[in-house]
Amino acid sequence: MLKNNPKEKVPFVLITVTCNSSGGQPVSIENIREVSKLARHYGIPLYIDAARFAENAYFIKTREPGYENKPIREIVKEMFSFADGMTMSSKKDAIVNMGGFIGFRHKDIYEKASMYNIIYEGFLTYGGMSGRDMNALAVGLYEGTEYEYLETRIKQVEYLGKKCMEYDIPIMQPTGGHAIFVDAKKFLPQIPKEEYIAQTLAVELFIEGGVRAVEIGTLLADRDPVTRENRYPELELMRMAIPRRVYTNNHMDFIAACLHNVWERRNKITKGFRIVSEAPIMRHFTVKLERV
Ligand SMILES: Cc1ncc(COP(=O)(O)O)c(C=O)c1O
């Protein structure tokens with residue numbers, strides 16, 4: 001019989017491909033292989049957060065020596081060959097409106113997880129999703145791993161990046177897979193870190209042109225679980241993520257122009273924000289702020 005203790009804490013290593021909090025940058029096969037060796041050495045399972053697995057494979061093909069002639073799907077198989085399991089938010093590289101799935105290499109873990117799936121999501125074969133959504137997901141996994149599609153998508157991100165650079169806006173380089181990350185500390189050096197620098201920039205961009213970006217900085221880093229003090233990361237980034245197949249390059253021009261307008265008036269932005277209320281965990285989703 002399966003022993004199932006929901007309070008049991010099982011250590012694992014998670015690799016996020018591509019990595020959201022470090023500029024949408026890819027993880028090389030070499031890196032995944034080396035991490036998997038280390039994890040295996042310590043008997044710790046390796047999982048992949050695969051939300052943007054196809055973009056990661058595109059970067060491996062275009063940047064990692066030895067992979068230039070390999071098809072995307074072959075690279076994807078190699079990436080996952082090192083992992084014990086994976087999670088997938090299908091809204092990203094499976095190009096669907098909703099849904100996701102998890103995968104395990106080992107049957108015993110699959111069986112343990114299955115029980116919770118039934119309790120929290122729905123029966124194993126649909127996990128809370130409708131048949132239509134699952135069909136769309138299956139199609140999306142094929143379409144999302146087509147080289148031409150990936151190239152168009154990633155080139156659009158690059159296009160926005162180039163526009164920003166033309167305006168001298170400080171962004172993370174090289175540009176990553178799904179978003180442009182603006183270096184908010186360089187953009188607004190006058191705002192103290194206690195006033196949420198990247199969040200301040202995101203608010204200004206929204207006021208300027210209704211462009212919605214997200215803070216990858218102190219709000220996201222949250223508080224130290226013991227001291228409850230804010231954790232101040234070295235980088236304060238503003239992420240402008242580009243949804244798939246929705247926008248044209250004209251939209252990219254508009255976003256860059258709005259950001260440029262904020263850049264032109266940056267010296268007049270002298271006050272950041274303070275927290276009015278926040279949730280005890282994952283505060284960045286729902287935090288309420290007011291201007292200092
Ligand atoms: C890398 C990554 N993994 C997981 C998630 C969570 O996805 P979901 O909202 O489908 O739970 C996100 C959401 O943005 C993400 O960027």
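The values are calculated or read from the model by the stated rules, or taken from the named source; none is laboratory data. Bear in mind the structure is a predicted one, so any value in this text is a computation, not a measurement. Note: ideal-geometry Cβ built from the backbone for every residue, glycine included; neighbour counts use all protein chains shown.
Among the residues of the range 277-292, those identified as touching a residue at least 12 places away in the same chain (Cβ under 8 Å) and farther than 30 Å from R153 by Cβ are I281, R283, V287, K288, L289, E290, R291, V292. Within the set G161, G176, the sole residue that is buried (at least 18 other Cβ atoms within 10 Å of the Cβ), of a type in the set (G, A, S) and part of a loop (DSSP other than H, G, I, E, B) turns out to be G176. All of (1) closer than 18 Å to I72 by Cα; (2) of a type outside the set (D, E); (3) not in a helix (DSSP H, G or I) hold for V139 with one exception: (3). The single condition from (1) crowded, with 19+ Cβ neighbours inside 10 Å; (2) touching a His at 6+ places or on another chain (Cβ under 8 Å) that I154 fails is (2).
Residue-wise test of (1) among the polar types (S, T, N, Q); (2) farther than 23 Å from T152 by Cβ; (3) not assigned by TED's automatic domain parsing to the domain that holds G161.
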| position | (1), (2), (3) |
| --- | --- |
| A221 | no, yes, no |
| P233 | no, yes, no |
| V246 | no, no, no |
| N249 | yes, no, no |
| F254 | no, no, no |
| N261 | yes, yes, no |
| K268 | no, yes, no |
| I275 | no, yes, no |
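Residues that are in a loop (DSSP other than H, G, I, E, B), closer than 16 Å to C164 by Cβ and under 21 Å from the mean Cα position of the chain (by Cα) are absent from the range 270-286. Entry remark, the range 48-73: residues being within 16 Å of the ligand (Cβ to nearest atom) and surrounded by fewer than 21 Cβ atoms within 10 Å (Cβ to Cβ) number 1 in total. Flag set for V13, criterion: closer than 30 Å to M115 by Cβ and within 16 Å of the ligand (Cβ to nearest atom). Residue count for the range 111-125, restricted to those that are among the acidic types (D, E) and either in a loop (DSSP other than H, G, I, E, B) or surrounded by 13 or more Cβ atoms within 10 Å (Cβ to Cβ) (or both): 1.
Exactly one residue among L259, L235 is of a type in the set (A, V, I, L, M) and assigned to a helix (DSSP H, G or I), and that residue is L259.
Comparison of G128, G99, G85 shows that the only residue that is within 16 Å of the ligand (Cβ to nearest atom), among the small types (G, A, S) and surrounded by fewer than 19 Cβ atoms within 10 Å (Cβ to Cβ) is G128. For the range 256-267, the count of residues that are out of contact with any helix residue (DSSP H, G or I) (no Cβ under 9 Å at 6 or more places or on another chain) and either over 30 Å from P225 (Cβ atoms) or modelled with pLDDT of 95 or more (or both) is at least one.
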